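The values are calculated or read from the model by the stated rules, or taken from the named source; none is laboratory data. All of these numbers come straight from a predicted model, not from anything done at the bench. As a convention, Cβ positions derive from the backbone with ideal geometry for all residues, glycine included, and neighbour counts pool all protein chains shown.
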Amino acid sequence: MIFLPETFEAENNLSYSRLMKASVLKKTGLIMLGLAACAPAIQAYDFSVGGIYYNYTGDRKGAVVTWATLTEPSYSGKITIPAEVTFRMETLKVKQIDSYAFFNCQGITSVTLPEGITAIGDQAFSHCYAMTSVNLPQTLTRIGDYAFEFCEDMTSITLPKSLTSLGYSVFQECRGLQEIAVDEENPFYMSEDGILYLRFQDQAVLVQYPASRPADEFTVPDDIQEITDYAFTPSLYLKKITIGPNVSTVTGGTFCECTALQDFEIAEDNTVMSAVDGVLFDKDATTLMQYPIGRADEAYTVPEGTQHLAALSMSGCRLKSVDLPGTLTSVGEYALAGSAQLTSLTSRATVPPATGTMAFDNSLLASAVLFVNEADIPAYSSAAGWSGFSRIRAIGSSALNTVTASPGVSVSGLTVTAEGAISVYDVTGRLVASGEGSATLPGNGLYIVQANGSTVKLSL
């Protein structure tokens, strides 16, 4: 959390699950609309003028821009908010943009806010994918949490000199963003090469690296002490990040979804972090903080001595095989979630490491084979997080045990392939799958496959 005296406030209360949920839902088209996901279509405003919906402020001398209903997007096109509105013969100054006011208004292309607006609420413009620009007034002092998240078509934004409070992950998933500019007279925030920083008294913080900034390398300035959560999420072009001597705070998710990232370099005199073969660790190399997910390697062996995989540390990697050391004691939240290509996970720890929420997502649990010491199979089969793996095998064995092999018959995952007709039976003799050229097994288990003139026994 970043604190400034009196007028400055920045909240830091997002769990790792929120980013992952938002990303997964976005990619699958199953966007959750906050309260709207389960709320009825009720009116949320006191009055409307010119197609804009408002609520009275507490003193009834001002107006707050809000939404029409909780379930339907209220706005589209170019939006210009007036400085004043008249309602019931009363002139009201427009003072704020309410939380969720423009949430999921996917048809909005631009927004102009008048002087007099002092605050933009939480998620006010969240999921406005097509919005290319927003003009912020010089009276603006506060921008709430996730205010512009998933504004994917926005390429630049200028923060005014009056801004004193910037919420949590304001520009998260703004994939088109190339530049964040700041008025030179702002006493708290500044921009260098389009990158947003907080520099105030003895604090020096990297707040946000624009996702589409066209550079393949970046060196964090030596005076930076902290890099905020998701500051580089998602950097689309960076291949190498160099972290200087004074950075002391990096959290799980700081480099999440950096799909081009291949290498970390850490200053030798940094007392908190280190790089092991380009992978980010803490100083004593007991915690793997971030694997560069842009690497094209198919296999990675986590070094012996590593005790923890940090939250989101390997999420979304392209690896097909990961080997975890016997020293490992914990796997953090979403540590390997989203690693769609991973088919083999080996854990050499005798005691199953503790697992955080969704350390392994459902897809990984269903598709990957977990290899452990043969004597430890019962422990992993009953351990929280690990027991969800559909296939647990002894180290050294194959992922698929074929009792009777047959030329021309192959199995990949749950799909049997052969020339001609295929019939699959369970151990009771019941036909459970069939096909021409291929057949899909209903799940893991023992099967008898008749294909290509042969009978094959399979244990999955």
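Taking the range 202-220, which residues are within 18 Å of GLU179 (Cα to Cα) and assigned to a loop (DSSP other than H, G, I, E, B)? Explain how you work it out, then say what you get.
Residues of the range 202-220 that are within 18 Å of GLU179 (Cα to Cα), as a first pass: 205-220.
TYR209, PRO210, ALA211, SER212, ARG213, PRO214, ALA215, ASP216, VAL220 - these are the residues of the range 202-220 that are within 18 Å of GLU179 (Cα to Cα) and assigned to a loop (DSSP other than H, G, I, E, B).
Residue check, ARG199 against (1) at pLDDT below 95; (2) assigned to a loop (DSSP other than H, G, I, E, B), all met but one. Which one?
For ARG199, the exception is condition (2).
Here is a check on your reading of the model: is ASP223 part of a loop (DSSP other than H, G, I, E, B), at pLDDT below 95 and in contact with a strand residue (DSSP E or B) (Cβ under 6 Å, 6 or more places away or on another chain)?
Working: part of a loop (DSSP other than H, G, I, E, B): yes; at pLDDT below 95: yes; in contact with a strand residue (DSSP E or B) (Cβ under 6 Å, 6 or more places away or on another chain): yes.
For ASP223, the condition - part of a loop (DSSP other than H, G, I, E, B), at pLDDT below 95 and in contact with a strand residue (DSSP E or B) (Cβ under 6 Å, 6 or more places away or on another chain) - is met.
Might you let me know whether the range 323-339 holds any residue that is surrounded by fewer than 21 Cβ atoms within 10 Å (Cβ to Cβ) and more than 21 Å from ASP282 (Cα to Cα)?
no
May I ask you to list pairs of residues, at least six apart or on different chains, whose Cβ atoms are under 7 Å apart, with the first in the range 208-226 being without any contact (Cβ under 8 Å) to a residue 40 or more places away in the chain and under 12 Å from ILE195 (Cα atoms) and the second being among the β-branched types (Val, Ile, Thr) and part of a loop (DSSP other than H, G, I, E, B)?
Hits for this filter: VAL220/VAL247.
Name the pairs: first residue in the range 272-285 and under 14 Å from ASP297 (Cβ atoms), second residue among the acidic types (Asp, Glu), Cβ to Cβ under 6 Å, at least 6 apart or on different chains?
GLY278/ASP263
For GLU184, are the conditions met, namely being in the same structural domain as ALA267 (by TED's automatic domain parsing), over 27 Å from HIS127 (Cα atoms) and surrounded by fewer than 16 Cβ atoms within 10 Å (Cβ to Cβ)? Walk me through it before giving the result.
On the way: in the same structural domain as ALA267 (by TED's automatic domain parsing): no; over 27 Å from HIS127 (Cα atoms): yes; surrounded by fewer than 16 Cβ atoms within 10 Å (Cβ to Cβ): yes.
Considered against the rule, which asks whether it is in the same structural domain as ALA267 (by TED's automatic domain parsing), over 27 Å from HIS127 (Cα atoms) and surrounded by fewer than 16 Cβ atoms within 10 Å (Cβ to Cβ), GLU184 comes out as no.
Exactly one condition in (1) more than 24 Å from the chain's Cα centre (by Cα); (2) under 20 Å from GLY51 (Cα atoms) is false for PRO137; which is it?
It is condition (2) that PRO137 fails.
State yes or no: is TYR230 among the aromatic types (Phe, Trp, Tyr) and surrounded by fewer than 24 Cβ atoms within 10 Å (Cβ to Cβ)? Quick ask: steps written out before the conclusion?
Values: among the aromatic types (Phe, Trp, Tyr): yes; surrounded by fewer than 24 Cβ atoms within 10 Å (Cβ to Cβ): no.
For TYR230, the condition - among the aromatic types (Phe, Trp, Tyr) and surrounded by fewer than 24 Cβ atoms within 10 Å (Cβ to Cβ) - is not met.
From the list SER169, SER191, pick out the single residue that is hydroxyl-bearing (Ser, Thr, Tyr), touching a residue at least 12 places away in the same chain (Cβ under 8 Å), in contact with a strand residue (DSSP E or B) (Cβ under 9 Å, 6 or more places away or on another chain) and in a strand (DSSP E or B).
Values: SER169 fails: in a strand (DSSP E or B).
Exactly one residue qualifies, and that residue is SER191.
Please enumerate the residues belonging to the range 286-299 that are crowded, with 18+ Cβ neighbours inside 10 Å and farther than 19 Å from LEU238 by Cβ.
Passing the criteria: THR287, LEU288.
Collect the residues in the range 354-381 that are more than 11 Å from ILE392 (Cα to Cα) and assigned to a strand (DSSP E or B), keeping them in residue-number order.
ALA354, THR355
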